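The values are calculated or read from the model by the stated rules, or taken from the named source; none is laboratory data. This one's a predicted model, so the numbers in the text were calculated from it and none came from an experiment. Here Cβ is always computed from backbone atoms with ideal geometry, including for glycine, and neighbour counts include all displayed protein chains. Side chains included, ligands, DNA and RNA excluded: accessible areas come from the protein's heavy atoms. Shrake-Rupley method; radii C 1.70, N 1.55, O 1.52, S 1.80 Å.
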Amino acid sequence: MKKEYEVVAEICNACAGSERPQTFIEEAELENTDDYVRMKHGRDWELVKKEILPSGDIQYTLDKGSITYKYTFTE
């Protein structure tokens, strides 16, 4: 069954010297949040860390050294 999520994607590029991440927000209807992140980072899926936050939000983090991707899903 699909659920509606607000997805906040943050991209932090340490090489660019940016102190603030680029942030993108979208709404998505998904059956599985893993599939959303796997679609974006399939080659690096085994490096992605998933955690359930105390608020119930689901957060995925992919740290590739100079670039970090973070996706937070809120129902």
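In region 1-58, the qualifying residues are those that are among the hydroxyl-bearing types (Ser, Thr, Tyr) and either part of a strand (DSSP E or B) or open to solvent by 100 Å² or more (accessible area, probe 1.4 Å) (or both), and the one that is modelled with the lowest pLDDT is Thr23. Remark: pairs (first residue in region 46-57, within 20 Å of Glu6 (Cβ to Cβ); second residue in a strand (DSSP E or B) and of a type in the set (Asp, Glu); Cβ separation under 6 Å; 6+ apart in sequence or on different chains) are absent. Phe73 passes every criterion in (1) hydrophobic (A, V, I, L, M, F, W, C); (2) at pLDDT 95 or above; (3) open to solvent by 80 Å² or more (accessible area, probe 1.4 Å) apart from (3). If a residue must be assigned to a strand (DSSP E or B) and either within 12 Å of Val8 (Cα to Cα) or of a type in the set (Lys, Arg) (or both), how many such residues does region 62-75 contain? Result for region 62-75: 6.
Touching a Cys at 6+ places or on another chain (Cβ under 7 Å) and of a type in the set (Ser, Thr, Tyr): is that true of Ser55 in this structure? Judged against the criteria, Ser55 is not a match. Exactly one residue out of Glu19, Glu75, Glu26 is without any contact (Cβ under 8 Å) to a residue 12 or more places away in the chain and acidic (Asp, Glu), and it is Glu19.
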